[in-house]
Structure formats: structure tokens, C-alpha cells
Amino acid sequence: MNNVVISASGLYTPPESVSNEELVTAFNAYVENFNRDNADAIEAGELEALTPSNADFIYKASGIKSRYVVEKSGILDPEVMHPWIRTRGNDEPSLQCEMAIAAIEPCLERAGKRPEDIDAVIVACSNLPRPYPALAVEVQKYLGAGRFGFDINVACASAAFGIQTAADMIKSGSARTVLMVNPEICSAHLNFRDRDSHFIFGDVCTAALIEHADDVAEGQGFDVLGTKLKTEFSNNIRNNFGFLNRAEQDERTDADKLFVQNGRRVFKDVAPMVAEMIVEHANELDLSAADIKRLWLHQANINMNTLISKRVLGRDAEAEEMPSVLAEYGNTSSASPVIVFHKFSDDMAAGDVGVLCGFGAGYSAGSVVTRKR
């Protein structure tokens with residue numbers, strides 16, 4: 001892949017943020033109302049009383065202190081507990097399209113490119129607004145760019161899969177300049193009434209420009225040394241919302257159509273799988289742990305990332321080797337490793353090697369090994 005370069009990145013951060021304390025206040029009000037309204041059933045043993053949450057528990061379990069969201073008033077209303085999003089007409093750009101454009105514009109500016117320079121648009125994310133038309137084609141229209149576009153959904157690993165897809169297109173000659181964008185509105189699929197997961201996700205959008213090396217200025221961006229993808233089927237992270245719901249004989253609960261996970265099982269399964277994949281990938285490229293200067297990991301859980309980095313490096317990582325945005329952004333699914341790359345790559349010296357890695361539901365995982373030009 002010595003002719004493929006990640007030449008620039010972009011980031012759009014929603015204007016509203018929700019702290020752990022705000023989230024816990026809303027959740028505990030819901031718990032109090034539920035336990036009061038169902039006191040007789042709880043007393044009779046027909047229902048279990050809900051347990052309140054607290055901000056210290058959230059931070060200790062995840063490393064998250066706050067998260068950005070597209071709309072917070074509905075999330076913090078104990079009677080609603082989801083974002084309120086204005087319904088868009090078919091002739092208006094969707095909210096995710098607007099987020100994509102907001103991340104793409106600074107990305108193109110950093111790369112010194114114009115929309116008409118783009119050959120293809122890939123939208124790679126966990127949460128798409130509809131089955132069709134493709135969000136990427138909508139982004140292509142409103143950006144005024146690209147000969148074609150398509151969507152990819154491989155959950156939290158989508159960005160890594162998107163980068164490999166773009167790199168393969170450049171290697172094959174089907175494109176020279178590919179825009180890969182990750183608009184995530186995770187708050188809309190999160191069950192804010194579930195104590196074990198109500199704090200996990202936030203909203204954001206990232207973009208990355210992947211180009212043929214001949215079209216990138218000397219010293220700009222990162223060479224893509226290689227990509228590696230891995231999937232193993234698991235139900236431990238799942239979302240059962242889909243077009244077949246209306247046709248199913250047994251109606252699903254609302255909770256079953258939102259994000260659900262067995263967090264402990266995911267931790268035990270995914271952390272070693274990802275660490276092993278990164279080590280194998282580095283070995284295939286004749287790189288050792290000492291050669292890796294930075295790990296831009298998916299921001300799922302600080303304890304998981306600490307374990308992965310220790311297994312990859314063979315020791316505890318220094319803060320600059322494994323930067324994190326979890327405390328500010330929370331888990332933003334596919335966009336999260338691109339956020340870390342965007343915020344913590346400018347200081348790297350020519351020749352420094354970094355690994356961008358996404359992982360999550362599927363299970364799915366992908367690593368992108370890069371070298372600063």
C-alpha cells in the first residue's frame with residue numbers, strides 16, 4: 001500500500017454536552033418514578049426495583065465524564081429519555097448529512113482539496129438514517145463531489161473497514177481520492193433507561209481523506225503501510241431494530257430494538273482479540289512493539305484500551321502513546337479512533353509509526369498501520 005496516503009482529517013462536534021452528573025440526575029429521577037409507580041408489583045415480587053446510578057460509578061467503569069449530543073433536553077427529561085430531533089422533509093438534507101458536511105469541509109481545507117477533486121464518498125458508521133437511498137449519495141449531492149458513493153456498516157470498526165476499502169480502490173485504480181466520513185448519532189439508539197449502558201455513547205462526525213501518494217504534497221499526511229480486518233460472529237453486542245419488526249409475529253420490546261450488550265463478556269472476548277490482531281499485523285509488516293509510537297484506539301472503555309495497549313507494547317503505555325478522548329466525548333462508535341487520530345497526530349515526526357484501530361459489534365475489528373510522511 002505504498003501508494004496510499006491519509007492526507008487529512010476533519011471533526012464536527014455537536015454544540016451540546018451532557019455531564020455524568022446531569023445524566024445521573026435524569027436517570028435517578030426515572031428510577032424513583034418507576035419504583036413509586038410500580039411499588040405494589042415490586043412488593044409482590046412481580047417486578048424488580050430499579051437501582052440508581054452515580055457519576056463515580058460511570059467514570060470508574062468507563063473513563064467517561066461527559067459526552068456531546070445532537071440534542072440534550074429530551075435525554076434529560078425523565079418522561080422522554082431520548083433526543084428530540086426535528087423530522088426532516090425528503091427534500092431537506094438529513095441531520096447526519098449536515099454533520100458529514102461539517103466534518104468534511106475542514107478536512108478538505110487541510111488537504112488543500114476541493115469537492116470536485118473527490119472521486120468517491122464512503123459513509124462508514126454504525127447508525128444510518130434509513131435503508132435507502134444511501135447516505136453517502138446524499139452527502140455526495142450536497143457536497144457537490146464524487147463520481148459515486150456508498151455506505152458501510154461494520155459497527156464500531158466501520159472507519160477501519162472504510163479506510164481499507166478506500167485504499168483498495170486506490171490500489172486497483174478505480175479511484176485516486178476517496179472521502180471516508182463517520183457521522184454517528186449514537187444517542188438515538190441508546191437506552192437511557194438502562195443503568196448498565198445509559199452513559200456509554202455520544203454523538204460526533206469525523207472525516208478522513210485517502211489519496212494516491214502522487215497527488216499528496218511531500219511531507220503531508222500518513223502513508224498507509226497496511227490494513228487488516230477481522231470478524232467473528234457474536235450476539236454480545238446487538239441491536240434488533242429493522243424493517244422486519246413490523247412483520248414479526250411476536251412484537252419486540254422497545255429495549256430490544258435499542259443497543260444491548262453483555263459488557264463483561266465483550267471485554268473478555270474483544271480485548272485479547274484486538275491486541276492479538278494488532279501484534280500479528282505489526283509482525284506481518286516487520287514492525288516490533290518498539291516501532292509503534294502511537295495507538296489511536298476505538299474509545300469504548302478506558303480499562304479495555306489500557307489492557308490492549310499493554311498487550312501490544314508489552315508494558316504499560318505512556319499517555320502520549322495511547323491518547324484518549326473518552327472523558328470528553330464518550331464512546332462515539334466508528335468515529336472514535338478518527339477523533340483520536342485527528343487530535344493527536346500533528347505532533348508526530350516524519351517516520352513515526354501509528355496504528356488506528358476500531359473494534360466492536362460483530363465482533364468486528366480493523367487496524368490501519370501508518371507512517372508519518
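The values are calculated or read from the model by the stated rules, or taken from the named source; none is laboratory data. What you see is a predicted model, and the numbers here were worked out from it, not measured in a lab. A quick note on method: Cβ atoms are made from the backbone with ideal geometry, for glycine too, and the neighbour counts reach across all protein chains shown. For accessibility, only protein heavy atoms count, side chains too; no ligands or nucleic acids. Shrake-Rupley method; radii C 1.70, N 1.55, O 1.52, S 1.80 Å.
Please work out which residue is most open to solvent (accessible area, probe 1.4 Å), limiting yourself to segment 190-218 and to residues that are part of a loop (DSSP other than H, G, I, E, B) and more than 21 Å from Glu21 (Cα to Cα).
Per the stated criteria, the residue is Glu218.
Could you tell me whether segment 25-38 includes any residue that is without any contact (Cβ under 8 Å) to a residue 60 or more places away in the chain, more than 26 Å from Phe201 (Cα to Cα) and in a helix (DSSP H, G or I)?
Yes, segment 25-38 has at least one match.
Of (1) surrounded by 24 or more Cβ atoms within 10 Å (Cβ to Cβ); (2) under 23 Å from Phe359 (Cβ atoms); (3) touching an Asp or Glu at 6+ places or on another chain (Cβ under 8 Å), Gly226 satisfies all except one. Which?
The number of the failed condition is (1).
Hey, could you check segment 39-69 for residues that are of a type in the set (D, E, K, R) and not in a strand (DSSP E or B) and say which is farthest from Arg264 (Cα to Cα)?
Among those residues, the one meeting the criterion is Asp40.
Restricting attention to segment 230-253, which residues are surrounded by 14 or more Cβ atoms within 10 Å (Cβ to Cβ) and in contact with a Phe, Trp or Tyr (Cβ under 6 Å, 6 or more places away or on another chain)?
Of everything in segment 230-253, those that are surrounded by 14 or more Cβ atoms within 10 Å (Cβ to Cβ) and in contact with a Phe, Trp or Tyr (Cβ under 6 Å, 6 or more places away or on another chain) turn out to be Ser234, Asn239.
Quick one: how many residues across segment 296-317 are of a type in the set (A, V, I, L, M, F, W, C), over 24 Å from Asp203 (Cβ atoms) and in contact with a strand residue (DSSP E or B) (Cβ under 8 Å, 6 or more places away or on another chain)?
Summing the residues that are of a type in the set (A, V, I, L, M, F, W, C), over 24 Å from Asp203 (Cβ atoms) and in contact with a strand residue (DSSP E or B) (Cβ under 8 Å, 6 or more places away or on another chain) in segment 296-317 gives 4.
Of Val139, Val121, which residue is under 13 Å from Leu179 (Cα atoms), in a strand (DSSP E or B), out of contact with any Asp or Glu (no Cβ under 8 Å at 6 or more places or on another chain) and in contact (Cβ under 8 Å) with a residue 40 or more places away in the chain?
Val121
Taking only segment 267-320 into account, find how many residues are free of Cβ contacts under 8 Å to residues at least 60 places away in the same chain, outside any helix (DSSP H, G or I) and either among the polar types (S, T, N, Q) or out of contact with any helix residue (DSSP H, G or I) (no Cβ under 7 Å at 6 or more places or on another chain) (or both).
So the answer is 7.
Return the pair list, or none, for Cβ contacts closer than 6 Å from residues in segment 74-94 that are within 19 Å of Asp194 (Cα to Cα) and without any contact (Cβ under 8 Å) to a residue 12 or more places away in the chain to residues that are open to solvent by less than 70 Å² (accessible area, probe 1.4 Å) and hydrophobic (A, V, I, L, M, F, W, C), at least 6 apart or on different chains.
From residues that are within 19 Å of Asp194 (Cα to Cα) and without any contact (Cβ under 8 Å) to a residue 12 or more places away in the chain, the pairs are Gly74/Val80.
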